[in-house]
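Everything on this sheet refers to the single structure shown next.
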Amino acid sequence: MVNNMANNRAQRPSLAQQIAASHPADQKLMAAYGIAGLLSLAGAFALAAVLVVIKTPALGLANGELYYRMLTAHSILGFVYWFAFIQAALLIAGAIALRHGGRLWSLKLGWLAFAFTAAGLVVNMVGVFAGADVLYTAFPPLAESFPATPLIYLGYLFVAAGAFLISFDFLATVFTWVERKSSLQAWKTMLGEMHISTFAAVCAVPLIFSIVLTAFFLYIPAFLWSMGRISTDAREFALNFRLTYHVMFHIIHYIPAMAMIAAAYVLVELTTGAGSIYRETVAKGLFLMYPAVVPPTFVYHLMADPSITEGTKIIGSALSLLVWIPSLLHMFIITGMMEAGMRSAGHGLFGWIRHLPWKNPAFASLIMGMTTFGIAGGLTAVLLQEQTASVLHGTFAVPAYIHPMVVGAASLIYMGIIYYAVTICMKRDLWGPRLARIQPYLLSVALLVFAWAGTLAGYAGVPRRTADIGFGGAAPESWQALMNVTMGIGGTLSLLAGALFFAVIGMTMFAGRKPASESGSGLATLALPRTREFVYTPTALIPGIIFVLVVLLFTAGAFGIMGNRPIQFG
Amino acid sequence: MKSHSYLLAAVVIAFSVLLIIPMWAAYGVMFPKEGGGHSHGGGEMVTAAEFEEKTARFMKERQLPDGSVRAAHGEPIYVMATQYTFTPSTIRLAAGKQYELQMLSTDVVHAFSVQMGNTSYNAVVMPKMVTALKLKPAKPGKYLVVCNEYCGIGHDYMYFAVIVEEAEDKEHHEKSSVETKGHEHGEQHGK
């Protein structure tokens with residue numbers, strides 16, 4: 001049996017020791033990104049509170065103008081800047097913390113990248129609060145009617161430049177790890193030694209570069225157009241913009257997907273100490289699948305558009321099904337790492353699950369993040385097939401899966417990393433371990449309530465991005481109740497879980513016990529005495545089986561709905 | 001290596017999401033429909049002015065005294081989306097008949113989201129490019145249609161109604177409308 005990770009661990013210090021030993025100057029840049037990310041996330045949560053109030057019908061406070069502005073700021077902060085900052089921090093971590101004694105190729109370039117991203121954030125927020133109610137999509141020709149629109153495009157150009165520079169810095173760092181550049185063997189050795197998560201980042205770089213390139217291609221003309229420097233017919237411009245935009249936007253989604261899975265590999269090692277029972281090349285190979293299958297599947301965002309022919313949509317739908325595959329297999333490997341590790345310590349067929357470190361908040365973030373990821377992934381089934389997209393396109397089912405995906409899965413797993421990063425780098429104990437313990441569960445349960453009621457609302461036809469869903473009293477009766485549960489309960493609980501996270505992290509930074517104790521206040525790696533050799537992972541297959549059955553059932557359900565519509569379309 | 005049989009099983013399970021493809025075939029939606037029609041796409045390029053004229057002509061011919069528009073079987077229905085209204089604002093259809101709907105936006109991107117109680121049908125309506133749909137109402141009733149693509153501050157006020165009438169009803173109404181308006185439409189009279 002090959003146990004690469006375990007072998008590597010024997011040769012080098014533990015991950016936690018490596019992270020602690022990374023160079024303070026590099027750590028400072030990583031911390032700057034981390035803190036800017038946390039501030040963006042806090043902003044996104046604060047604005048979400050306004051959205052929850054406006055979108056809970058029972059409160060009767062629907063207000064269009066305020067809603068669209070807050071929604072624009074909320075999504076730009078959450079989807080663009082929180083991810084841009086935190087993923088840059090993860091990239092730096094991949095370069096310095098996961099490589100013992102690793103240094104960033106150029107610290108100055110890293111800070112320049114940070115400055116660009118931060119400038120983008122400022123420019124974008126000035127734009128939004130100056131009245132660009134364009135939502136984060138900022139589609140022309142709609143964007144034309146808001147004078148502050150150029151600031152939205154300009155901010156996006158800045159953040160794209162920042163992403164390019166930090167990814168370049170990362171890639172240059174990786175190149176320095178090859179001792180003899182002309183030797184193929186040296187490259188192989190370097191890639192083989194590289195941590196899975198760093199390898200994931202290497203695979204993400206071509207995707208990041210293509211996002212950046214598309215962003216320049218899209219937003220430079222858009223900026224000039226919005227400034228009145230290009231006199232193209234706005235409606236002509238709109239068609240091209242929409243298509244190019246979706247190519248870019250689609251690829252953007254997979255950066256958090258890959259980063260989240262990469263972070264999950266780190267978390268499983270930090271929380272349970274488990275190593276992979278498969279060759280690392282399997283997991284690494286799966287990361288290579290993303291740059292291959294992601295770009296051609298952008299069509300699934302345009303399933304309800306007249307601009308794409310049906311043939312293209314059908315091919316697009318078939319390809320779209322492939323994007324689940326690498327993620328499903330990663331989930332199997334990660335679950336299998338836990339299962340084999342736990343069973344090697346002597347635990348029984350299902351008994352191993354009970355003995356996982358459920359009280360470790362970082363582990364809870366990992367396991368609940370993975371569960372939420374699977375559920376939210378299943379909810380995309382109907383949307384990404386041309387044949388069924390008309391049932392849900394543009395309805396509340398879209399935010400109802402996006403939020404569990406980006407908050408309940410990606411952000412929650414990043415939170416798990418942040419629990420470790422803050423305590424290890426600041427050498428402090430986690431403040432309020434009991435509060436931290438419930439936070440991941442509360443956040444994922446809240447988002448699952450949001451997903452459940454919100455998906456039902458989507459099936460019932462509730463439109464997304466609409467302040468008032470009353471439609472002069474003509475809206476179906478079920479809408480109000482469904483949205484009351486989605487926003488009033490799911491939304492409010494999510495806000496509470498977010499507040500809990502910020503309280504714990506903020507207090508740890510300023511009031512966590514110093515020096516940190518050995519146990520790390522509930523973040524200690526599970527001690528797994530190895531009593532036997534165990535390499536079978538039957539339980540790890542179960543989530544995948546459930547996932548496949550669920551997507552098949554959802555698809556059949558959508559066909560059932562389509563067949564019974566009181567008005568038949570086709 | 002025994003552990004690898006589990007990895008192989010995981011690969012088989014993951015790839016079985018592709019079982020969705022035979023489901024499309026089973027539901028008869030595997031290949032583009034006859035004549036290359038698009039399920040929610042027309043793809044035809046027209047200018048806003050041309051479309052406005054078509055809509056105006058359609059409304060002039062089919063408008064009832066209450067302002068609603070009754071579509072004729074086999075003739076295209078034109079719906080124009082403009083911030084923040086749909087024109088016409090009420091369309092009457094007969095149950096059991098097949099219609100063709102053509103939609104265009106004269107300004108920004110809008111959408112067409114028909115509410116059918118516990119489900120909806122959704123399509124995007126763009127400037128310049130026609131969204132063409134075939135539809136066949138089965139159950140009489142009044143259906144709300146909303147715009148579900150954010151189109152500006154007044155987005156939540158953008159909606160219209162489709163009224164599906166019993167087939168016999170339709171004939172009765174037609175006669176009365178023809179009498180009131182004094183219009184003659186051979187095709188409708190013939191029914």
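The values are calculated or read from the model by the stated rules, or taken from the named source; none is laboratory data. For clarity, every value in this text was computed on a predicted model and none was experimentally measured. Note that each Cβ is placed from the backbone with ideal geometry, even for glycine, and that neighbours are counted across all protein chains shown.
With (1) at pLDDT 90 or above; (2) within 7 Å of chain A (Cβ to nearest Cβ); (3) farther than 19 Å from B:R70 by Cα; (4) buried (at least 19 other Cβ atoms within 10 Å of the Cβ) as the list, and B:H110 as the residue in question, which single condition is left unmet?
Unmet for B:H110, out of (1) at pLDDT 90 or above; (2) within 7 Å of chain A (Cβ to nearest Cβ); (3) farther than 19 Å from B:R70 by Cα; (4) buried (at least 19 other Cβ atoms within 10 Å of the Cβ): (2).
Mind listing whichever residues of region A:32-47 are more than 25 Å from A:L66 (Cβ to Cβ) and either without any contact (Cβ under 8 Å) to a residue 12 or more places away in the chain or of a type in the set (A, V, I, L, M, F, W, C) (or both)?
Hits for region A:32-47 are A:A32, A:I35, A:A36, A:L38.
Could you count how many residues in region A:347-365 are within 12 Å of A:I438 (Cα to Cα) and of a type outside the set (A, V, I, L, M)?
Of the residues in that region, 6 qualify.
Suppose the filter is closer than 24 Å to A:G377 by Cα, within 11 Å of chain B (Cβ to nearest Cβ) and in contact (Cβ under 8 Å) with a residue 24 or more places away in the chain; does A:S320 pass it?
Criteria met by A:S320.
How many residues does region A:493-511 hold that are of a type outside the set (A, V, I, L, M, F, W, C), surrounded by 17 or more Cβ atoms within 10 Å (Cβ to Cβ) and either out of contact with any Phe, Trp or Tyr (no Cβ under 7 Å at 6 or more places or on another chain) or farther than 21 Å from A:P404 by Cβ (or both)?
Final tally of qualifying residues: 1.
So, of the residues in region A:119-145 that are out of contact with any helix residue (DSSP H, G or I) (no Cβ under 6 Å at 6 or more places or on another chain) and farther than 15 Å from A:M70 by Cα, which turns out to be surrounded by the fewest Cβ atoms within 10 Å (Cβ to Cβ)?
The selected residue is A:V122.
Which members of region A:286-313 meet the condition of being without any contact (Cβ under 8 Å) to a residue 40 or more places away in the chain and facing chain B (nearest Cβ under 8 Å)?
Of everything in region A:286-313, those that are without any contact (Cβ under 8 Å) to a residue 40 or more places away in the chain and facing chain B (nearest Cβ under 8 Å) turn out to be A:P306, A:I308, A:T309, A:G311.
A:G228 is checked against (1) on the phi > 0 side of the Ramachandran plot; (2) in a helix (DSSP H, G or I) and fails just one. What number does that condition carry?
Here A:G228 clears every test but (2).
Starting from residues that are more than 17 Å from A:A201 (Cβ to Cβ) and surrounded by 23 or more Cβ atoms within 10 Å (Cβ to Cβ), keep the ones in region A:273-298 and report whichever is modelled with the highest pLDDT.
Here the residue is A:A274.
Being assigned to a helix (DSSP H, G or I) and polar (S, T, N, Q) is the filter here; which residues of region A:259-288 pass it?
The answer is A:T271, A:T272, A:T281.
What do you reckon, is A:L239 away from chain B (no Cβ under 14 Å) and touching a residue at least 40 places away in the same chain (Cβ under 8 Å)?
The answer is no for A:L239.
Can you tell me which residue in region B:1-32 is modelled with the highest pLDDT, limited to those that are outside any helix (DSSP H, G or I) and facing chain A (nearest Cβ under 7 Å)?
For region B:1-32, the residue satisfying everything is B:Y27.
Can you name every residue in region A:175-201 that is part of a helix (DSSP H, G or I), touching a Lys or Arg at 6+ places or on another chain (Cβ under 9 Å) and surrounded by 20 or more Cβ atoms within 10 Å (Cβ to Cβ)?
A:I196, A:T198, A:F199, A:A200, listed by residue number.
Quick check on region B:133-149. Is at least one of its residues within 13 Å of the chain's Cα centre (by Cα) and hydroxyl-bearing (S, T, Y)?
yes
Out of the residues in region A:518-570 that are touching a Leu at 6+ places or on another chain (Cβ under 7 Å) and among the aliphatic types (A, V, I, L, M), which is nearest to B:I13 (Cα to Cα)?
A:L552
How many residues are in a helix (DSSP H, G or I) and at pLDDT 70 or above if we restrict to region B:34-68?
15
Run A:K514 past the list (1) at positive phi; (2) surrounded by fewer than 19 Cβ atoms within 10 Å (Cβ to Cβ); (3) not in a helix (DSSP H, G or I) and report the number of the one that doesn't hold.
For A:K514, the exception is condition (1).
So which residues in region B:71-95 are closer than 19 Å to B:K134 by Cα and surrounded by fewer than 21 Cβ atoms within 10 Å (Cβ to Cβ)?
B:A72, B:H73, B:G74, B:E75, B:P76, B:T87, B:T90, B:A95
If you take the residues in region A:454-477 that are modelled with pLDDT of 95 or more and over 25 Å from A:R69 (Cβ atoms), which one is nearest to the other protein chains (Cβ to nearest Cβ)?
Filtering first and then ranking leaves A:G461.
If I ask for residues that are within 9 Å of another protein chain (Cβ to nearest Cβ) and either part of a loop (DSSP other than H, G, I, E, B) or among the small types (G, A, S) (or both), which ones from region A:535-570 would you list?
A:V535, A:Y536, A:T537, A:P538, A:A540, A:G544, A:A556, A:G563, A:N564, A:R565, A:P566, A:G570
Can you name the condition, by its number, that A:A516 falls short on among (1) touching a Phe, Trp or Tyr at 6+ places or on another chain (Cβ under 7 Å); (2) over 24 Å from B:H110 (Cβ atoms)?
Of everything listed in (1) touching a Phe, Trp or Tyr at 6+ places or on another chain (Cβ under 7 Å); (2) over 24 Å from B:H110 (Cβ atoms), A:A516 misses just condition (1).
If I filter region B:118-153 down to residues being more than 7 Å from chain A (Cβ to nearest Cβ) and in a loop (DSSP other than H, G, I, E, B), which single residue comes out as surrounded by the most Cβ atoms within 10 Å (Cβ to Cβ)?
Within region B:118-153, the match that is surrounded by the most Cβ atoms within 10 Å (Cβ to Cβ) is B:C147.
Applying the selection to region B:115-151, what residues are touching a Ser or Thr at 6+ places or on another chain (Cβ under 6 Å) and β-branched (V, I, T)?
B:V125, B:V146
If you scan region A:62-83, which residues turn out to be more than 14 Å from every other protein chain (Cβ to nearest Cβ) and among the small types (G, A, S)?
Passing the criteria: A:A73, A:G78.
Hey, can you tell me all the residues within region A:34-80 that are over 25 Å from A:I505 (Cβ atoms) and surrounded by fewer than 18 Cβ atoms within 10 Å (Cβ to Cβ)?
Within region A:34-80, A:A58, A:L59, A:G60, A:L61, A:N63, A:E65, A:L66 qualify.
Would you check if A:M331 is within 11 Å of chain B (Cβ to nearest Cβ) and surrounded by 18 or more Cβ atoms within 10 Å (Cβ to Cβ)?
yes
Answer yes or no as to whether A:V268 is within 25 Å of A:V212 (Cβ to Cβ), crowded, with 22+ Cβ neighbours inside 10 Å and not charged (D, E, K, R).
no
Take A:A558 and tell me if it is crowded, with 16+ Cβ neighbours inside 10 Å and in contact (Cβ under 8 Å) with a residue 24 or more places away in the chain.
Taking the combined requirement at face value, the residue satisfies it.
Kindly evaluate B:Q115 against the criterion of being touching a strand residue (DSSP E or B) at 6+ places or on another chain (Cβ under 7 Å), within 13 Å of chain A (Cβ to nearest Cβ) and surrounded by 23 or more Cβ atoms within 10 Å (Cβ to Cβ).
Spelling it out, B:Q115 is indeed touching a strand residue (DSSP E or B) at 6+ places or on another chain (Cβ under 7 Å), within 13 Å of chain A (Cβ to nearest Cβ) and surrounded by 23 or more Cβ atoms within 10 Å (Cβ to Cβ).
For region A:430-456, give me each residue that is in contact (Cβ under 8 Å) with a residue 60 or more places away in the chain and buried (at least 22 other Cβ atoms within 10 Å of the Cβ).
Matches in region A:430-456: A:L430, A:A436, A:Q439, A:P440, A:L443, A:S444, A:L447, A:A451, A:T455.
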